[in-house]
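**Student:** To start, I am sharing the structure in question, which I have written as structure tokens.
The values are calculated or read from the model by the stated rules, or taken from the named source; none is laboratory data. Everything numeric in this text was worked out from a predicted model, so none of it was measured. Using ideal geometry, Cβ is built from the backbone for each residue, glycine included, and neighbour counts are taken over all protein chains shown.
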Amino acid sequence: MLGADPEFRSAHRFADAFRTDSAKALAPSQISRWENAHTAVDEAAVARYETLLQLPRYHLTAVHEASSRFFGHTPVRRSPSTDGPRDLHDLLDRACGAAMTGPDWRRLTRLISDRPGLVLHPLHLWETIAHHLLTELAVAEGDAWLVRQEAMSVLLEHPAGTDPATAVCIAMADARDSPVVIDPISLLDNSRSPTAARYVIEQVRQPRSWPAWEGALLAAAAKARRGHFTPAQLADLAAATSDPAAASAHPTIAPLVEDVRAVLAHDVRRPVAPEKAAVCRRLGLTAQAGAAADVHEEDTLFAELIRESLFDHNPDRRLYTGFLIAATPYRQPLAKAIADELSRSRGQDRALFVERGLRLVSRLRAPQHRVFVRSLLLDATLSPRARHAAAWASVHSTGRLDEPTWRSIVECQLNLCTARPSPLDEDIVRGLVYSIGTDSHHRLLRHLCTDARLSTSARRLAGWWDEHPRPLTDPPSQ
């Protein structure tokens, strides 16, 4: 279903094509065991899937490695590496400033991970490498983002790399002109450095901004699960999240406060309301019908994945489950099903579904996503919460809106901010500027830099994106 060759829908034909040497053909039962998670799949097998299905290199590998790390599965079985000390030195030299691709970062951080006692001289090399990687991560999209996210996690987990990598994340989050705040703070969930724990608690208690608060809550929930906090810090975290009403003004903050409170209360699997379960089942059946007309049995696992990607209380689980679905044949049919459901949700009190649905469709990287978001951003009847979700749903998503469309959207939203002021107004405009930046409309960005209707923060964000090239993707040949 995922590949271009319809014959590969037969397990026998796919198994026959799987071997590349004179060895005996792979048994179809092995394909079944892999795909039903009865046996672990190694990275060589995942790479072979990518080749046979004519997918971009690392499209499945990146998701496989990231989900294995997050869900705590057995570590991915690696293929024998041909890289040695000379390759490590060459990659370290390039990582200090030369161009790097996602596969380059993957090779380098694997070599680093395999050497827990690695010492770099001078010591600032760790910070130089981490800064280069985090800067690329800030403007990367799709698989390129996921590969670099994993690479940065490796640096943060390395015994010698954790402190300098932590310092780089904090410096980027605290920089006055930095447009990227959530990612560098949320990445600190991988660091066992006491500095990371202190900083996260500080930003939960007294955040510098809405994005800093969001990133800190994301990190805090994960770090609490992983035992990174001292008893005193857990008490501080509990006190800082004891009043959910304090976060109610911002739609992305209130659910995260509840997530942290649930972790602290060990309420790890809250039940999903029946109406939400019904929506997930309906989306699953619709997407199944769109993916393959000859499949008539309900895929209950798929409905469960949809539930996790939309309504699980753990935001990291929502993130990685969304990436898992995006690597399946259900990617585009599910995106269409969600877009149709969202269209029917206009004017209804389904704010959480609108926010989560738009975010999931963005991760699915479906082409119809931008057209739908454009219609939302030009709809003057939407609530501030729905407008906020739409503004940020365009960031790093598939497709591109033209400059005249973005100018119309900006005017529409600025007029709404004046006519119906909301605490979300500044963040809505920042989302628009960020999306215009990822679409690389530099002339419009330069105009926004001088538009007095925008906040200082939004104008600085426009200037930052004007100085950066088109968002980063890795060459398909890699």
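**Student:** If you scan the stretch 168-196, which residues turn out to be within 20 Å of Glu150 (Cα to Cα) and more than 22 Å from the chain's Cα centre (by Cα)?
**Tutor:** Result: Ser193, single match.
**Student:** Next up: Can you tell me which of (1) at pLDDT 80 or above; (2) of a type in the set (Ser, Thr, Tyr); (3) assigned to a loop (DSSP other than H, G, I, E, B) is the one Ser32 doesn't meet?
**Tutor:** (3)
**Student:** All but one of (1) among the polar types (S, T, N, Q); (2) at pLDDT 85 or above; (3) within 19 Å of Arg148 (Cβ to Cβ) hold for Ser68; which doesn't?
**Tutor:** (2)
**Student:** Quick check: is even one residue across the stretch 364-372 of a type in the set (Val, Ile, Thr) and either outside the structural domain of Arg407 (by TED's automatic domain parsing) or under 29 Å from His266 (Cα atoms) (or both)?
**Tutor:** Applying the first criterion (of a type in the set (Val, Ile, Thr)) to the stretch 364-372 yields 371.
Subset that is either outside the structural domain of Arg407 (by TED's automatic domain parsing) or under 29 Å from His266 (Cα atoms) (or both): none.
No, every residue in the stretch 364-372 fails to be of a type in the set (Val, Ile, Thr) and either outside the structural domain of Arg407 (by TED's automatic domain parsing) or under 29 Å from His266 (Cα atoms) (or both).
**Student:** Let me ask something else about it. Are any residues in the stretch 359-399 farther than 18 Å from Val279 by Cβ, among the charged types (D, E, K, R) and buried (at least 16 other Cβ atoms within 10 Å of the Cβ), and if so, which ones?
**Tutor:** Hits for the stretch 359-399 are Arg365, Arg370, Arg374, Arg385, Arg387.
**Student:** Which residues, counting only those in the stretch 71-117, are modelled with pLDDT of 80 or more, of a type in the set (S, T, N, Q) and either more than 25 Å from the chain's Cα centre (by Cα) or part of a helix (DSSP H, G or I) (or both)? Step through it out loud before you land on a result.
**Tutor:** We begin by selecting, within the stretch 71-117, every residue modelled with pLDDT of 80 or more; these are 84-117.
Among the residues that remain, those that are also of a type in the set (S, T, N, Q) are: 101, 109, 113.
Of everything in the stretch 71-117, those that are modelled with pLDDT of 80 or more, of a type in the set (S, T, N, Q) and either more than 25 Å from the chain's Cα centre (by Cα) or part of a helix (DSSP H, G or I) (or both) turn out to be Thr109, Ser113.
**Student:** Grab the helices (runs of 4 or more DSSP H) fully contained in the stretch 418-478, keeping just those with 2 or more residues being touching a strand residue (DSSP E or B) at 6+ places or on another chain (Cβ under 9 Å) and not hydroxyl-bearing (Ser, Thr, Tyr). Full working, then the answer.
**Tutor:** Working: elements: 425-438, 442-449, 456-466.
No helices (runs of 4 or more DSSP H) qualify here.
**Student:** Of all residues being without any contact (Cβ under 8 Å) to a residue 12 or more places away in the chain and under 15 Å from Ala221 (Cβ atoms) in the stretch 248-266, which is surrounded by the most Cβ atoms within 10 Å (Cβ to Cβ)? Just the residue, please.
**Tutor:** Taking the stretch 248-266 first, the residues without any contact (Cβ under 8 Å) to a residue 12 or more places away in the chain are 248, 254, 265-266.
Pick out the ones that are also under 15 Å from Ala221 (Cβ atoms) and you get 254, 265-266.
Working: Ala254: 16, Ala265: 9, His266: 7.
Once the filter is applied, the top-ranked residue is Ala254.
**Student:** Further, regarding this structure: Condition first: closer than 13 Å to Leu432 by Cα and hydrophobic (A, V, I, L, M, F, W, C). Now tell me which residues in the stretch 450-461 satisfy that.
**Tutor:** If the condition is that a residue be closer than 13 Å to Leu432 by Cα and hydrophobic (A, V, I, L, M, F, W, C), then Leu454, Ala458, Leu461 are the ones that fit.
**Student:** Right, next: What is the number of the single condition among (1) free of Cβ contacts under 8 Å to residues at least 60 places away in the same chain; (2) surrounded by 12 or more Cβ atoms within 10 Å (Cβ to Cβ); (3) farther than 26 Å from Phe71 by Cα that Asp243 does not meet?
**Tutor:** Unmet for Asp243, out of (1) free of Cβ contacts under 8 Å to residues at least 60 places away in the same chain; (2) surrounded by 12 or more Cβ atoms within 10 Å (Cβ to Cβ); (3) farther than 26 Å from Phe71 by Cα: (2).
**Student:** Is it true that Leu310 is in contact (Cβ under 8 Å) with a residue 40 or more places away in the chain, of a type outside the set (Phe, Trp, Tyr) and within 24 Å of Glu150 (Cβ to Cβ)?
**Tutor:** Working: in contact (Cβ under 8 Å) with a residue 40 or more places away in the chain: yes; of a type outside the set (Phe, Trp, Tyr): yes; within 24 Å of Glu150 (Cβ to Cβ): yes.
Considered against the rule, which asks whether it is in contact (Cβ under 8 Å) with a residue 40 or more places away in the chain, of a type outside the set (Phe, Trp, Tyr) and within 24 Å of Glu150 (Cβ to Cβ), Leu310 comes out as yes.
**Student:** Here's another thing I want to ask about it. For the stretch 326-358, give me each residue that is surrounded by fewer than 23 Cβ atoms within 10 Å (Cβ to Cβ), in a helix (DSSP H, G or I) and either of a type in the set (D, E, K, R) or within 14 Å of the chain's Cα centre (by Cα) (or both).
**Tutor:** Correct list: Arg331, Lys336, Asp340, Glu341, Arg344, Glu355, Arg356.
Residue by residue, here is whether (1) of a type in the set (D, E, K, R); (2) within 27 Å of Val41 (Cβ to Cβ); (3) free of Cβ contacts under 8 Å to residues at least 60 places away in the same chain; (4) out of contact with any Pro (no Cβ under 8 Å at 6 or more places or on another chain) holds:
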| position | (1), (2), (3), (4) |
| --- | --- |
| Asp90 | yes, no, yes, yes |
| Cys96 | no, no, yes, yes |
| Leu125 | no, no, yes, yes |
| Ile129 | no, no, yes, yes |
| Ala144 | no, yes, no, yes |
| Val180 | no, no, yes, yes |
| Asn190 | no, yes, yes, yes |
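**Student:** Identify all residues within the stretch 243-276 that are more than 22 Å from the chain's Cα centre (by Cα) and at pLDDT 90 or above; write none if there are none.
**Tutor:** Arg261, Leu264 - these are the residues of the stretch 243-276 that are more than 22 Å from the chain's Cα centre (by Cα) and at pLDDT 90 or above.
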